[in-house]
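Each reported figure results from applying straightforward, stated rules to the coordinates on display, with no laboratory input. What you see is a predicted model, and the numbers here were worked out from it, not measured in a lab. Ideal geometry is used to build each Cβ from the backbone, glycine not excepted, and the neighbour counts take in all protein chains shown.
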Amino acid sequence: MKVKMSKKIPTNPYRTDLARIFRYFTMFIFFALFLQTIRKMNLLAIESSCDETSAAVMVDGVLKSNVISTQLIHTEWGGVVPELASREHQKAIIPVVTEALQKANINKNELNAIAFTRGPGLLGALLVGTSFAKSLSLALNIPLIEVNHMQAHVLAHFIEDPKPQFPFLCLTVSGGHTQLVWVKDALHMEVIGETQDDAVGEAFDKTAKLIGLPYPGGPLIDKLAKEGNPDRFPFSLGEMPGLNFSFSGIKTQILYFLQKETQKNPQFVEENKADICASVQKSLIDMLLRKVKKAMREKSCKQIAIAGGVSANSGLRSRLSEMGEKEGWDVFIPAFQYCTDNAGMIAMAGHFKYEAGEFTNQDVTPLARYNL
Ligand code: KG4
Ligand code: ZN
């Protein structure tokens, strides 16, 4: 009987080698992907839109440092002088960035991205931060992220808890803007109302100038208002259609009022400073809150946030909280250090953009006007 032997198939040495190479390659890819997920994302952010030079470091969305250098040179001029602002930014930017990196315990070579304020703001001032960010991105070969300053003011609410849920309404009140913003998500916002002339911060600063207080007058009016009677000098509030604001009328009213009273009594301002501050502050807050209430109703919204330099105002903070309690709203008020201009908020916006893969290239230029 013949036994049929099974034919031995010779193994192909190249085939086993290929299988082994493929196996190692797959393991390598998985390992690289794993490293990618545990690798920290170190982001440097720069703010230079007005009279604050600021740098911040954020690691995986957590703020590690936020260094702010406020330019004091403008005090003697009674307002920000654009040319002086850009020169001061040039002097401060390297020390401020160095300090931010040191405080965060991060070496510049460990940075993974750099975010900067593209606008709105003073062109010469923005140019310093933009050029610095572009150069550093080129030198370190890391991505560049441009940030809208007004968007960043709103996103300052995501630096610390409690954080609002999308969508929500934000009243952004600064030296250059007064806006009611419908915040759909971190990168999609719509301005549903805004000032048609002066910003509310400007109204604070101009009133302060009229009564002889130095720039920026907002915080000083706030301080004096605490000791004054807010009902002593009622100023009439003009009405703007819809959700828009106007602050130029009240400014003129204050000017004429002070001129008339000082003609009768040259010591009027000195004798009534606290009452003037309290009355002006009350009128400005009334104007803001009237539109907030209207917008909240129109949007059937239950969450209100405030942002920008004027959100540091103690009167606005307490009256909005009271209104929120009465109306059943959740009120979000930022910590003081995130109200006025700071790079921490630029880092927060940069973080959201990094996650969304929104980068910019070396052709980017600053914008004095930059819509949301
Ligand atoms: O957001 P910000 O620092 O800069 C801009 O983007 O404009 O806002 C600056 C404005 C100034 O008009 C300043 O007077 C005002 O914010 N401000 C205040 C207070 N702190 C800052 N206004 C009223 N009360 C305050 N406590
Ligand atoms: Zn600002």
message: Once you compute Rg and the Kirkwood Rh from C-alpha atoms, what is the Rg to Rh ratio for segment 245-372?
response: 1.09
message: List the residues, sorted by chain then number, that are 5 or more residues from Glu160 or on another chain and whose placed amide H is less than 5 Å from its amide H.
response: none
query: Amide H neighbours of Ile192 under 5 Å, counting only residues 5+ apart in sequence or on other chains, H built in-plane at 1.01 Å?
result: Leu180, Val181, Trp182
query: Can you sort Asp275, Asp161, Asp197 so the residue with the fewest Cβ neighbours within 10 Å comes first?
result: Asp161, Asp197, Asp275
- request: Once you have a ≥ b ≥ c as the square roots of the Cα gyration tensor eigenvalues for segment 162-334, tell me rounded if a/c is under 1.5, and otherwise prolate or oblate according to whether a/b is larger than b/c.
  value: prolate
statement: Expressed in angstrom and ordered largest first, the alpha-carbon extents of segment 116-210 along the principal axes are 45, 38, 23
- prompt: Computed FRET efficiency, Cβ-Cβ of Gln263 and Leu72, R0 30 Å: what is it to the nearest 0.05?
  reply: 0.30
query: Can you work out ³J(HN,Hα) from phi for every residue in segment 99-113, in order, using Karplus 6.51 cos²θ - 1.76 cosθ + 1.60 and θ = phi - 60°, giving whole Hz and x for Gly and Pro?
result: 5, 5, 5, 4, 4, 8, 6, 10, 8, 4, 6, 8, 6, 10, 6
- prompt: Listing His157, His188 from the residue with the fewest other Cβ atoms within 10 Å to the one with the most, what is the order?
  reply: His188, His157
- prompt: Using the alpha-carbon centroid of each, what span in Å lies between segment 38-83 and segment 277-343?
  reply: 24
task: Please report the relative contact order for segment 162-334, taking Cα pairs under 8 Å with a sequence separation of at least 6, and give it as a percent rounded to a whole number.
output: 28
- line: Taking 0.36 nm per residue of separation between His188 and Phe25 and subtracting their Cα-Cα distance, the length gained on full extension comes to 54.6 nm
message: Residues of segment 54-78 with backbone nitrogen within less than 17 Å of a virtual label 7 Å along the Cα-to-Cβ line of Lys91, please, listed as ranges.
response: 54, 68-78
query: Taking amide hydrogens as modeled 1.01 Å from N in the peptide plane, which residues meet the under 5 Å criterion relative to Ala305, leaving out close sequence neighbours?
result: Leu169, Cys170, Leu171, Phe332
message: Compute for the chain: radius of gyration divided by Kirkwood radius, i.e. Rg/Rh, restricted to C-alpha atoms, rounded to two decimals.
response: 1.19
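If you add up the charges near Thr75, with Lys and Arg at +1 and Asp and Glu at -1, over every other residue whose beta carbon is less than 13 angstrom from its beta carbon, what do you get? Write down the numbers at each step before the final one.
Values: positive: Lys209; negative: Asp51, Glu76, Glu88, Asp205.
It works out to a net charge of -3.
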Vicinal HN-Hα couplings computed from phi for segment 320-330 (Karplus, 6.51 cos²θ - 1.76 cosθ + 1.60; Hz; Gly/Pro x): 5, 4, 4, 4, x, 5, 5, 8, x, 9, 8
field: Antiparallel content of DSSP bridges confined to segment 162-334, in %, to 5
entry: 60
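Among the listed pairs Lys184/Lys326; Lys163/Lys282; Lys134/Lys223, which have their C-alpha atoms separated by more than 30 angstrom in this model?
Violating the 30 Å Cα-Cα cut-off are Lys134/Lys223.
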query: How big is segment 176-251 in terms of Cα radius of gyration and Dmax, in angstroms?
result: 14.9, 44
- request: Give me the percent of DSSP beta bridges within the chain that run antiparallel, rounded to the nearest 5.
  value: 60
- prompt: What list of ³J(HN,Hα) couplings, whole Hz, do you get for segment 261-269 from phi and the Karplus terms 6.51, -1.76, 1.60, once you set θ to phi - 60° and write x for glycine and proline?
  reply: 5, 6, 5, 6, 9, x, 8, 3, 5
